[in-house]
1. Less than 10 Å Cβ to Cβ from R102, Lys/Arg counted +1 and Asp/Glu -1: what total charge do the surrounding residues give?
2. Rounded to whole Hz and in sequence order, give me ³J(HN,Hα) for region 207-219 from the Karplus expression 6.51 cos²θ - 1.76 cosθ + 1.60, θ = phi - 60°, writing x for Gly and Pro.
3. Set the Förster distance to 30 Å, then compute FRET efficiency between Q100 and R242 from the Cβ-Cβ distance, nearest 0.05.
4. At 0.36 nm per residue, and after removing the present C-alpha to C-alpha distance, how many nm does the segment from R121 to V206 gain when stretched out fully?
5. Give the share of C-alpha pairs in each 10 angstrom bin for region 184-226, from 0 to the last occupied bin, in whole percents, shortest bins first.
6. Just the Cα atoms of region 106-169, one point each, no solvent: what log10 I(q)/I(0) does Debye give at q = 0.12, 0.14, 0.23, 0.28 Å⁻¹?
7. In units of 2.2 N^0.38 Å, what is the alpha-carbon radius of gyration of region 42-183?
8. Per residue of region 70-87, what does 6.51 cos²θ - 1.76 cosθ + 1.60 with θ = phi - 60° give for ³J(HN,Hα)? Whole Hz please, x for Gly and Pro, Karplus curve as stated.
Amino acid sequence: ESTQGQRVGPGCDGVDPQRELALAEERYRLLSASLPGTTWTATPDGKIDHICEGSSAAPRSPTKSRLGEAWFELLHPDDRERIEASWRRAMRTGEPYDVQGRVRVADGSYRWHIARGVPQRDADGAIIRWVGLTVDIDAHRQADESREMFVALAENSSDIVGITDPDGYVVYANPAACEFLSLDDPRSIHFFDCFSAGDREFVKAVIVPEMERAGRWVGEFQMRNFRTGASLPILYNAFVLRNARGEKLGLATISRDLRERNRIDLGLKAVALAGAAMYDSLDYEQTLRNIADAVVKTFASS
């Protein structure tokens, strides 16, 4: 009995070991259920002996198909050898296990997962079990791949691609944009700086309000070359970037350099004028002079 005359448990310190064990197991169960993945334990030689599903709604394979070493059969054929070797190495060395790979789920599809495990040791340092967590990262993996594809597309595009933060400061400009504008470090400028002083008022008064109202502004315009100060013609396609909640993330542009198109238009105009000039004189030398004058006047007026 205690000093107050009440029995508090079978232990000499007043603690009921069975009750404490039950409370610890309940805490583990609640913690595991709140995690966004699957917690598991394994024997020292690497056989999965317990699985507790977490809060994630991602599809999973049946529990029995993942116990022991059966989970190897769920691995994607291209990933199995690598993952199994990593698991065997962790068992052999006692080092933490950390790997990503594709796992077959209940509907037969393969989804990307990340698995991490650490050894639990006794007082002598011997491994008594492995404790780990596996999380479905398929959506994140696809998002990463989509970002990588966008970056690769933007980096190799001949179009002018740029992105700003919500305040209008440039956070990304692709190589074509940097070359077009002669920019060394695009991240140090505001997008208003990309236009000549005479054009900025139009950008502020017309283009930006239209982007905010309709989400996009498209039209022929010009941007400023930072090295020469020259105004360069573009097909300006600018739009607002928003997240799924409609919050503004920034501004973006995918615009096209019109200099080549303008040169082609001038060439066609020159050819047309030259063709007309051929009939102004029957004199051969005079005809050549007329053609030359027509071409020179066409390009001089551009």
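1. Once positives and negatives cancel, what remains is +1.
2. 5, 4, x, 5, 4, 5, 7, 9, x, 7, 9, 10, x
3. About 0.45, to the nearest 0.05.
4. Stretched out fully, the R121 to V206 stretch lengthens by 23.8 nm.
5. Cα pair-distance distribution for region 184-226, in percent: 26, 51, 22, 0.
6. The Cα Debye sum returns log10 ratios of -0.63, -0.72, -1.00, -1.13.
7. 1.49
8. Using θ = phi - 60°, the values come out as 5, 5, 4, 5, 8, 6, 4, x, 6, 10, 4, 4, 5, 5, 4, 5, 5, 5 Hz.
Where a number appears in this text, it was derived from the coordinates with a stated rule and is not lab data. Values in this document were obtained by computation on a predicted structure and should not be read as measured data. Don't worry about glycine lacking a Cβ; one is built from the backbone with ideal geometry, like all the others, and counts go over all protein chains shown.
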